[in-house]
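A.B. asks: Before I ask anything, let me first share the structure, which is written out below as structure tokens.
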Amino acid sequence: MSNVYPSNPDCIFCKIVAGEIPCHKVYECSNVLAFLDIGPLSEGHVLVIPKGHWETLEAVPAPIVAECAIVCKRVGRAVAKVTGCAGWNLLQNNGAVAGQEVPHVHFHIIPRAEGDGLGYRWNAGALDQDRAGQLRDAIAAAADELADQTAPQEL
Ligand SMILES: [Zn+2]
């Protein structure tokens with residue numbers, strides 16, 4: 001099964017997918033695996049990964065991104081039901097500078113509670129209106145140009 005995906009023999013998540021390293025699996029389907037994070041930020045912290053080795057989100061084929069999103073929803077609901085958490089974060093650190101420690105795309109599902117002390121700096125600035133127009137136009141043009149050929153037609 002695992003050899004139909006791109007795989008990296010040095011990747012800890014690829015080793016988990018291949019069964020070479022054990023995990024506490026909570027969900028699995030043909031392209032996606034979900035398991036407990038061994039360094040949980042809170043009880044019930046789960047990782048959702050595509051079985052294939054892709055380092056960043058933009059490298060993952062669109063249908064597998066969609067499957068990951070569906071699994072995140074399903075497993076997130078399951079985690080919330082079991083932990084009774086008031087809410088949960090869905091977090092994907094995309095690239096080392098963004099805090100990605102394992103270079104194999106993964107989504108964190110992190111149960112949250114009032115006063116749990118978790119969080120991150122969110123030092124919001126103010127959107128400059130002139131710059132906003134430039135950014136809007138540039139990003140919109142790039143988004144059109146970078147249409148994913150594997151995505152459904154409307155994307
Ligand atoms: Zn990998």
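Every number in this text was worked out from the coordinates using simple rules, so none of it is lab data. If you're wondering where the values come from, they're calculated on a predicted model, not measured in any experiment. Ideal geometry is used to build each Cβ from the backbone, glycine not excepted, and the neighbour counts take in all protein chains shown.
A.B. asks: Could you please report the charge total around ALA138, scoring K, R as +1 and D, E as -1 over all other residues with beta-carbon less than 15 angstrom from its beta-carbon?
C.D. replies: Computed value for this residue: -3.
A.B. asks: In the neighborhood of GLU43, defined by Cβ-to-Cβ distances under 12 Å, what is the net charge if each Lys or Arg adds +1 and each Asp or Glu adds -1?
C.D. replies: Surrounding charge for GLU43 is -1.
A.B. asks: Work out the FRET efficiency for TYR5 and ASN89 from their Cβ-Cβ distance, taking R0 = 25 Å, and round it to the nearest 0.05.
C.D. replies: The pair TYR5/ASN89 has a calculated efficiency of 0.40.
A.B. asks: Sticking with this structure for a sec: What does the net charge come to around VAL32 if you take all other residues with beta carbon closer than 13 Å to its beta carbon, with K and R at +1 and D and E at -1?
C.D. replies: Residues close to VAL32 contribute a combined charge of +2.
A.B. asks: Please give the FRET efficiency for ARG74 paired with HIS24, using the beta carbon to beta carbon distance and R0 = 30 Å, rounded to the nearest 0.05.
C.D. replies: 0.95
A.B. asks: Name every cysteine in the chain that ends up alone, with no second cysteine's Cβ under 4.7 Å, or say none.
C.D. replies: Lacking a cysteine Cβ partner under 4.7 Å: CYS23, CYS29, CYS68, CYS72, CYS85.
A.B. asks: With runs of 4+ DSSP H residues as the only contributors, calculate the mean residue ellipticity of the chain at 222 nm using -39,500 (n - 2.57) per run, divided by the residue total and rounded to the nearest 500.
C.D. replies: Estimated from H runs of four or more residues: -9500 deg cm²/dmol.
A.B. asks: Assign one of three labels to the chain, namely rounded, prolate or oblate, based on the Cα gyration tensor with a ≥ b ≥ c the square roots of its eigenvalues; rounded applies when a/c is under 1.5, prolate when it is not and a/b is larger than b/c, and oblate otherwise.
C.D. replies: oblate
A.B. asks: Identify all lysines with a Cα-Cα distance to LYS51 below 22 Å; exclude those on the same chain that are fewer than 8 residues away in sequence.
C.D. replies: Cross-link targets: LYS15, LYS25, LYS73.
A.B. asks: Something else about it: Rounded to the nearest 20 debye, what is the charge dipole size of region 2-125 about its Cα centre when +1 sits on each Lys and Arg Cβ and -1 on each Asp and Glu Cβ?
C.D. replies: Rounded to the nearest 20 debye, it is 360 debye.
A.B. asks: Same structure, new question: Apply 1/(1 + (r/R0)^6) to the Cβ-Cβ distance of GLU145 and GLU114, taking R0 = 35 Å, and write down the FRET efficiency to the nearest 0.05.
C.D. replies: 0.20
A.B. asks: Right, next: Which one, ALA86, ALA143, ALA78, has the greatest fluctuation when you compute a Gaussian network model over the chain with C-alpha springs under 10 angstrom?
C.D. replies: ALA143
A.B. asks: Let me ask something additional. Averaging sequence separations of C-alpha pairs under 8 Å and six or more residues apart, then dividing by the length of region 2-125, give the relative contact order as a whole percent.
C.D. replies: 25 percent.
A.B. asks: Along the Cα-to-C-beta direction of ILE38, a point sits 7 Å from the Cα; which residues of region 47-84 have their amide N less than 14 Å from that point?
C.D. replies: Only 47 fall inside the zone, counting backbone N under 14 Å.
A.B. asks: Still on this structure: Just flag the GluC sites (Glu not before Pro) in region 59-141 sitting in loop per DSSP whose Cβ has no more than 11 other Cβ atoms within 10 Å.
C.D. replies: Filter output for region 59-141: GLU101, GLU114.
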